[in-house]
Amino acid sequence: MGRRAGDSGGRRFWRPGPGGGRGAAGRTGGGRIDGLVNNAGGGSAVAFRGQTLARWRATFALNLEAAMLACREAYLSMRATGGAIVNVASLAAHGPGKWMGADYAAAKAGW
């Protein structure tokens, strides 16, 4: 299930629950969604040779799947009333670097 991350100045924030469950505020009767900003992300500073499949999948779940699920739920709520979705990208999509590894770069590139 989705859960509210908090209230701020009359604006409600939502994030997907464990397993990417459905349940944005507009879908649960909790109110209307006016906009969504996907700005979450993370990965590991591990060289490709040290990557595990579990770490790779967790990074993709955080950086790609969560954004897709949040966009889908926000869209379903906003299609009748309007709104905006902003997806924040990363220069790391161009390749791994000193601070983030191949898992993060690949996820940000949408592979």
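The values are calculated or read from the model by the stated rules, or taken from the named source; none is laboratory data. Treat the numbers as computed from the prediction; the structure is a model and nothing was measured. FYI the Cβ positions are ideal-geometry reconstructions off the backbone, even for glycines, and counts take in every protein chain you see.
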From the set of residues in the stretch 82-107 that are of a type in the set (V, I, T) and modelled with pLDDT of 90 or more, which is farthest from S44 (Cα to Cα)? I85
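Tally the residues that are touching a residue at least 40 places away in the same chain (Cβ under 8 Å) and either surrounded by fewer than 17 Cβ atoms within 10 Å (Cβ to Cβ) or among the polar types (S, T, N, Q) (or both), restricting the search to the stretch 63-79. So that I can check it myself, show each step before the final result.
Step one: filter the stretch 63-79 for residues touching a residue at least 40 places away in the same chain (Cβ under 8 Å), giving 63-66, 69-70, 73-74, 76-78.
If we keep only those that are either surrounded by fewer than 17 Cβ atoms within 10 Å (Cβ to Cβ) or among the polar types (S, T, N, Q) (or both) as well, we get 63, 65, 76-77.
Result for the stretch 63-79: 4.
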Per-region count, the stretch 85-107, residues touching a Leu at 6+ places or on another chain (Cβ under 9 Å), surrounded by 15 or more Cβ atoms within 10 Å (Cβ to Cβ) and more than 18 Å from T52 (Cα to Cα): 1
Could you give me the residue pairs with C-beta distances under 6 Å whose first residue belongs to the stretch 38-62 and is in contact (Cβ under 8 Å) with a residue 24 or more places away in the chain and of a type in the set (S, T, N, Q), whose second residue is surrounded by fewer than 17 Cβ atoms within 10 Å (Cβ to Cβ) and part of a loop (DSSP other than H, G, I, E, B) wherever it lies, and which are 6+ apart or on separate chains? N39/V88
Scan the stretch 46-56 and give yes if some residue there is modelled with pLDDT of 90 or more and in contact with a strand residue (DSSP E or B) (Cβ under 9 Å, 6 or more places away or on another chain), otherwise no. no
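Could you list, in sequence order, all residues of the stretch 33-54 that are farther than 30 Å from I85 by Cα and either assigned to a helix (DSSP H, G or I) or not small (G, A, S) (or both)?
First, pick out the residues of the stretch 33-54 that are farther than 30 Å from I85 by Cα: 46-53.
V46, F48, R49, G50, Q51, T52, L53, listed by residue number.
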